[in-house]
Each structure stands twice: as structure tokens, then as C-alpha cells.
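The values are calculated or read from the model by the stated rules, or taken from the named source; none is laboratory data. Please read these numbers as outputs of a predicted model, since none were measured by experiment. Cβ placement follows ideal geometry from the backbone for every residue including glycine, while neighbour counts extend to all protein chains displayed.
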Amino acid sequence: MSDSKKLAITGANGYLGKHTIQNAIQNSWEVNAIVRREEVVKELELLGAKAFVVKDFDIPLVIGNIGAPQLIKQMTKHKPLTLEDAKSALDMLNADLLAIHLNFVQEIVQPEGDTNARGCLRKIIEFSKELPILVKETGAGISKEMAKALKTAGVKGIDVGGLGGTSFPAVEIYRGQSMGDEFRAKLGETFWNWGIPTPISLIEADVGLPLIATGGNRNGLDAAKGLCLGASASGFAGRLLKPAMKSAKDVINELELIIEELRSALFLIGVKSVQQAKKQRVIITGKTKEILESM
Ligand SMILES: Cc1cc2nc3c(=O)[nH]c(=O)nc-3n(C[C@H](O)[C@H](O)[C@H](O)COP(=O)(O)O)c2cc1C
């Protein structure tokens, strides 16, 4: 087995992608480049990378990703990302959608956080006029009011990214502590559980746009519950972190298990499609019911 470091890179044929590949190869990294167009394979192979064409993997939906705080002027010296930047990011990946993520609860805890939010919705409206935009949260959920505003803004879908799984304020506690910033670490503790739990957000944010259920999905059964609550897709981040720290094989095993759990759950309720799952009768009990009734 080779000891060399490995890099997997998307958007490999863009300006930044090519430079990254050149630098990595000069430093003896093995590079696997993922591209959407066959025409660029030769070019990347000449640089020394192995190139894989995404369509060979039959990925049904490719989503690019930028942060809402990066669309507006912040205290830092970084310039806001423009519509042109967003277009070239989409182009680079040949993505179907561009996700704009909301992560302000993380930004307030980060020592170097971008905490200006004024003008974000205006930017989302501006970008939605030109590009297929999905807006996503990253662990704090989307409220009904926000979902309505996003629909009016012209976004194509919402990933609720609700409370219940990865907590970015919690992640920032450890960063704060490692930087000796107890003040920020304490802020992180206070906001560890900030947000709208995923099931509640799925019900609240159902304003007629396609929804993605993420935030706290632990298995395929949770993914099925998200679909029955109205989502068109369910997603995982935290659950795949541990296997990803081990090997690609561990990630594949984990994904196969999740898919089998999802299939089994849908089989057990006699559901053959996502459309059918959405029409299932759901029973809501406990704290979730209590919260929904109090709203
Ligand atoms: C290691 C890690 C990196 C992430 N990076 C991003 C990112 O770059 N952009 C984004 O929109 N969300 C990002 N997320 C947030 C996830 O998309 C998701 O909204 C959140 O983690 C909740 O899902 P989970 O409970 O399954 O982790 C990241 C999550 C993890 C765990």
C-alpha cells in the first residue's frame, strides 16, 4: 500500500482547482479529480491527476455551497462574494443548485465570526433571480416566517438543517477553548441547543417548496420519518464523520446500512416512493406534539 497523501478534489478544472492539483502533485500527493465534462479529463491527467467523470457515478443532484454571511460586507477584510463568483462556483462544479447556508449561531460564537446579517435576504432575492438557489440551515432549523420569506424571495427549495444533531456552537466551544478564548467558549455553551428541532421545522417550513430533512438524522429510519413529514430528501453529516475518519470503505458500509434501513422502513409501511411517503398519516407525540401545539 502506498504511503502518499491523497487528495480528492471537485471543481478540478477551474483556475483554483488546477493550481491546487499542481501544488499537491509537486508535494507528492496522489490526486483524484472529479469533473463533470469528459473533455477536461486529458488536461487533468497531463497535470498528473487521476480524473473521474461525475456522470459515471450517476449522481442525481449536485449542490454547490456558499455561506450567507459571505454575501454581505463584514468587519473582516474579505470582500463579499458576488453573483459572478456564485455563477463560476456553480459552473466549476456543473452543479444543479447553489445552496446558501445560514449559520449565524455559529458565527456569533466564532472568535472571527461574521455577525452582520443585514442585507442577506436582499442578496438571496438577487441571486435567486439569476440562479437556482436552495437555502439551508446548519443545525438551527428554519421557521415558518423564514420559509415564507424564502419562498417570496424565489428560492427553489429549503434544507431545514434543524436542531438535534451536529451543533456548530458546540464545535466552536472546543475551538474557543483551544485558542484560550473562554468568553467565546461560554457563549457556545449557552447556544449549544439553539434552534428548531428538525421534525418541527419540517412541519413549520412546509410552504409549498421542496424540503430537505437534515439535522440529527441517525439512521435510515430517521430519514424515512423526514420523508413522511413532507421532505423530498433526507441528509446526513455528523453520522458519517466517524467512518470518514477511518476509511472510504467505512463510509460506504455506513451508507449501505443507512440505505437498507431506509428501504426497510418504507417497506414496513408499504410505501414505494418518496411521493407516497409524503402522503402517509403521521402520529406525533411527546415534546414535539407539545411544542407544535404551543405555536
Ligand atoms: C464536518 C461538517 C462540515 C460541514 N460543512 C458544511 C458546509 O460547508 N456547508 C453547509 O451548508 N453545511 C455544512 N455542514 C452542516 C450540515 O450540512 C448539516 O446541516 C448539519 O451538520 C446538521 O446535520 P447532522 O446533524 O446530520 O450533522 C457541515 C457539517 C459537518 C458535520
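Side notes on the structure shown:
- The C-beta contact set for the range 213-235 (first residue on the phi < 0 side of the Ramachandran plot and of a type in the set (D, E), second residue within 14 Å of the ligand (Cβ to nearest atom) and not in a helix (DSSP H, G or I), distance under 8 angstrom, 6+ apart or interchain) comprises D222/G216; D222/S234.
- Listing of helices (runs of 4 or more DSSP H) fully contained in the range 187-295 that carry 2 or more residues being more than 18 Å from the chain's Cα centre (by Cα), small (G, A, S) and farther than 22 Å from M146 by Cα: 248-268
- Subset tally (residues that are more than 12 Å from the ligand (Cβ to nearest atom), assigned to a loop (DSSP other than H, G, I, E, B) and surrounded by 18 or more Cβ atoms within 10 Å (Cβ to Cβ)) for the range 133-179: 2
- Within the range 200-225, being farther than 19 Å from E256 by Cβ, crowded, with 23+ Cβ neighbours inside 10 Å and more than 11 Å from the ligand (Cβ to nearest atom) holds for I200, S201, L202, A205, L211.
- Filter pass, V62 being assigned by TED's automatic domain parsing to the domain that holds C120 and either in contact with a strand residue (DSSP E or B) (Cβ under 8 Å, 6 or more places away or on another chain) or not polar (S, T, N, Q) (or both): yes
- The single condition among (1) within 15 Å of the ligand (Cβ to nearest atom); (2) crowded, with 23+ Cβ neighbours inside 10 Å; (3) within 16 Å of Q106 (Cβ to Cβ) that N193 does not satisfy is (2).
- Yes/no for A51 being hydrophobic (A, V, I, L, M, F, W, C), at pLDDT 80 or above and either part of a helix (DSSP H, G or I) or within 18 Å of L97 (Cβ to Cβ) (or both): no
- Among the residues of this structure, I9 counts as one that is more than 20 Å from I212 (Cβ to Cβ) and either among the β-branched types (V, I, T) or touching a helix residue (DSSP H, G or I) at 6+ places or on another chain (Cβ under 7 Å) (or both).
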